[in-house]
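Trainee: Submitted below is the structure of interest, expressed as structure tokens.
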Amino acid sequence: MPGCFSAADHLDDLLANASEALALHLDGEALPTARPLEAVRGDAKVGRDLRQGAFLLAVPVIRLSGRTTKANITMDAGLLAAVDATARERGLTRSAFLADLARREIAG
């Protein structure tokens, strides 16, 4: 994505940071047309960057709408109790805890 930059001190944080940077970069704009991987690799600048140690990532885009919607889920009662206990310890509602977990899991 031209003009979008992200970095991380640890590789484990790179995908989440890139996802956040991309969401901020797009800020309501349409996604550009995706190119096949070989076309990206064939780009002269990308090829040069790859030879210098850069690498490609598939970065998920999470577009938050700003509105909530109700969802019914099913899980083991013991797991739900653990979710509720952990959410309570962190001062979160069950919904906020699960939404945060989903965002982090999707973003990497």
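Each value in this text was obtained by applying a stated rule to the coordinates, not by laboratory testing. Since the model is a prediction, treat every value here as computed from it, not as a measurement. So basically every Cβ, Gly included, is an ideal-geometry build from the backbone, and we count neighbours across all protein chains shown.
Trainee: Exactly which trypsin sites (Lys or Arg not before Pro) in segment 65-104 are in a DSSP loop and have at most 11 other Cβ atoms within 10 Å?
Mentor: Here the sparse-neighbourhood loop sites are Arg67, Lys70, Arg90.
Trainee: When Rg is the radius of gyration of the Cα atoms in segment 1-63 and Rh is its Kirkwood radius, what does Rg/Rh come to?
Mentor: Taking Rh as the inverse mean 1/r over Cα pairs, Rg/Rh reads 0.96.
Trainee: Among Leu37, Leu56, Leu11, determine the one that fluctuates most according to a GNM of the chain built with springs between C-alpha atoms less than 10 Å apart.
Mentor: Among Leu37, Leu56, Leu11, the largest GNM mean-square fluctuation belongs to Leu37.
Trainee: Once you charge only the Cβ atoms, +1 for Lys and Arg and -1 for Asp and Glu, what is the size of the charge dipole of the chain about its Cα centre, to the nearest 20 debye?
Mentor: Using only the charged Cβ atoms, the result is roughly 260 debye.
Trainee: Find how much the distance from Leu31 to Thr68 grows on full extension, using 0.36 nm per residue of separation minus their present alpha carbon separation; answer in nm with one decimal.
Mentor: Gain in length upon complete extension: 11.0 nm.
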